[in-house]
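Since the structure comes first, as structure tokens, the remarks are kept for the end.
The values are calculated or read from the model by the stated rules, or taken from the named source; none is laboratory data. What you see is a predicted model, and the numbers here were worked out from it, not measured in a lab. Please note: Cβ atoms are built from the backbone with ideal geometry, for glycine as well, and neighbour counts cover all protein chains shown. Areas reflect the complete protein model, heavy atoms only, side chains present, ligands, DNA and RNA absent. Shrake-Rupley method; radii C 1.70, N 1.55, O 1.52, S 1.80 Å.
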Amino acid sequence: MEAGTKTLTPTESTNRRTVAEIYSALATGNMETVLERLAPDIKWTVVPGDQTGGTYYGPELVLREALAPLAAVWADFEMTPFEFTAVGDKLFVVGESRGVHRASGKVGTARFVHVWHLRDGIAYRFESVSDTHAMWRATR
């Protein structure tokens, strides 16, 4: 995936801003903002093998089954996106997650690839397409 040098359309720009707001809200634990950015019929798919692997439908289920477990397993968890590539209604995001594994106390990092599908600044589909659990490595 290459960082695009093309000019973003207004839709692509809005989608990029929306997804950046979601990551920022996740980082601060502002779940209300996250829920506002998810469509009522969102389909949220996390790659099998991840601790929250599976497909979830609707914002409340996403929050309870996909996002809340992260807080239970990880302390000081953060996701830092560093590359956004817009393609129509899709936004490909590459980044890194970091945290302290509560059970082992080990600090670790993992790379991630996320695909967001957006319409009018609202996420209606999310896919985690890389197996971050398998790529997780302890740094301490």
Members of segment 42-67 found to be in contact with a His (Cβ under 9 Å, 6 or more places away or on another chain) and not aliphatic (A, V, I, L, M), listed by number: Lys43, Gly49, Asp50, Gln51, Gly53
Candidates Thr18, Thr11 - the one that is touching a residue at least 24 places away in the same chain (Cβ under 8 Å) and either open to solvent by less than 30 Å² (accessible area, probe 1.4 Å) or among the basic types (Lys, Arg) (or both): Thr18
Matching residues, segment 48-70, being open to solvent by 60 Å² or more (accessible area, probe 1.4 Å) and out of contact with any Lys or Arg (no Cβ under 9 Å at 6 or more places or on another chain): Pro48, Gln51, Glu60, Arg64, Glu65
Matching residues, segment 71-94, being on the phi > 0 side of the Ramachandran plot and either surrounded by 17 or more Cβ atoms within 10 Å (Cβ to Cβ) or not acidic (Asp, Glu) (or both): Gly88
Count of residues meeting criterion [among the aromatic types (Phe, Trp, Tyr) and at pLDDT below 90] in segment 69-116: 3
Some residue of segment 62-81 being without any contact (Cβ under 8 Å) to a residue 40 or more places away in the chain and more than 27 Å from Val107 (Cβ to Cβ): no
So Leu38, is it surrounded by 15 or more Cβ atoms within 10 Å (Cβ to Cβ) and modelled with pLDDT of 95 or more: yes
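Go through segment 1-109 and tell me which helices (runs of 4 or more DSSP H), entirely inside it, have 1 or more residues that are over 15 Å from the mean Cα position of the chain (by Cα) and acidic (Asp, Glu).
10-28, 31-36
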